[in-house]
Amino acid sequence: MEHHRYFIIYKPFGILSQFSAEGGKEGLGSLFEFPKEVYPVGRLDADSEGLLILTNDKSLNSRLLHPQQKHWRTYFVQVDGAITSEALKKLEQGVTIKINKKEYHTRPSVASLLSSEPMLPERNPPIRFRKEIPTSWLSLSLQEGKNRQVRRMTAAVGFPTLRLVRVRIEALSIDGMLSGEVKELNREELFMQLKMQPEEKRKNSFRAGKRK
């Protein structure tokens, strides 16, 4: 049986979700020497931060990213301006954005205003502060992950994203981690926090159900 390994990283701002540098930006290989055959599950844009899973378990990649597999992804989002309850309601109900030049209506989400700035590592470089324009922090949870979706959604309701941090996938969290920090998790711990059954247990459950 192939030995699967599982890592999570708090991806810093400005780092690509790949191992090699490109276009003047560093890749994940500049932060940690990951084992051979380990690759990111999904991606975060260079200007986004937070939770990224890396593994050599290809089944996890397909199960987490398949459109029919709905996993909650939670982001802390700093937006330009004092966001309104009306804008939050629109985010929750779904908004129309452009994906590959085509209109797409987002699925219902969970959006709420954070009462204070979340405890996150400082971004490097920091967001440019403008005294005359307030900013807001919100929590936004989605069950889909289109290209630059969160940024497109907040822009669609009139509040452009300034800083974007993915903090959680289901119960798997970067809480307490430093920017650039890497942790290796065992298989049972990772799957439990993702609220998923390992593939072999899922198959056994299916076979047992068929025998009944």
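Among the residues that make up the stretch 59-67, is at least one of them out of contact with any Gly (no Cβ under 7 Å at 6 or more places or on another chain) and either surrounded by 21 or more Cβ atoms within 10 Å (Cβ to Cβ) or at pLDDT 95 or above (or both)?
yes
Return only the number of the condition from (1) under 16 Å from ALA82 (Cβ atoms); (2) buried (at least 16 other Cβ atoms within 10 Å of the Cβ) that PHE129 does not satisfy.
Failed condition: (2).
State whether the residues of the stretch 123-140 include one that is modelled with pLDDT of 95 or more, under 30 Å from GLN68 (Cβ atoms), in the same structural domain as LEU91 (by TED's automatic domain parsing) and not small (Gly, Ala, Ser).
Looking through the stretch 123-140, at least one residue is modelled with pLDDT of 95 or more, under 30 Å from GLN68 (Cβ atoms), in the same structural domain as LEU91 (by TED's automatic domain parsing) and not small (Gly, Ala, Ser).
If you go through the stretch 161-197 one residue at a time, how many are polar (S, T, N, Q), without any contact (Cβ under 8 Å) to a residue 60 or more places away in the chain and surrounded by fewer than 16 Cβ atoms within 10 Å (Cβ to Cβ)?
1
Does SER116 fit the bill of being loosely packed, with under 13 Cβ neighbours inside 10 Å, touching a residue at least 12 places away in the same chain (Cβ under 8 Å), of a type in the set (S, T, N, Q) and within 26 Å of PRO12 (Cβ to Cβ)? Lay out the reasoning, then the answer.
Working: loosely packed, with under 13 Cβ neighbours inside 10 Å: yes; touching a residue at least 12 places away in the same chain (Cβ under 8 Å): yes; of a type in the set (S, T, N, Q): yes; within 26 Å of PRO12 (Cβ to Cβ): yes.
Considered against the rule, which asks whether it is loosely packed, with under 13 Cβ neighbours inside 10 Å, touching a residue at least 12 places away in the same chain (Cβ under 8 Å), of a type in the set (S, T, N, Q) and within 26 Å of PRO12 (Cβ to Cβ), SER116 comes out as yes.
Is it the case that some residue within the stretch 93-107 is touching a residue at least 60 places away in the same chain (Cβ under 8 Å) and either surrounded by 14 or more Cβ atoms within 10 Å (Cβ to Cβ) or not assigned by TED's automatic domain parsing to the domain that holds LEU194 (or both)?
Checked the stretch 93-107: at least one residue is touching a residue at least 60 places away in the same chain (Cβ under 8 Å) and either surrounded by 14 or more Cβ atoms within 10 Å (Cβ to Cβ) or not assigned by TED's automatic domain parsing to the domain that holds LEU194 (or both).
Restricting the first residue to the stretch 53-67 and requiring it to be closer than 20 Å to VAL167 by Cα, which pairs with a second residue that is of a type in the set (Ser, Thr, Tyr) meet a Cβ separation below 8 Å and a spacing of at least six or different chains?
Once the first residue is closer than 20 Å to VAL167 by Cα and sits in the stretch 53-67, its partners that are of a type in the set (Ser, Thr, Tyr) give ILE53/TYR6; LEU54/TYR6; LEU54/TYR39; THR55/TYR6; THR55/TYR39; LEU60/TYR6; ASN61/TYR39; ASN61/THR55.
Out of all the residues in the stretch 146-197, which are part of a loop (DSSP other than H, G, I, E, B) and within 21 Å of PHE19 (Cα to Cα)?
Matches in the stretch 146-197: ASN147, ARG148, ILE174, MET177, LEU178, SER179, GLY180, GLU181.
The values are calculated or read from the model by the stated rules, or taken from the named source; none is laboratory data. These figures come from a predicted structure and were not determined experimentally. Note: ideal-geometry Cβ built from the backbone for every residue, glycine included; neighbour counts use all protein chains shown.
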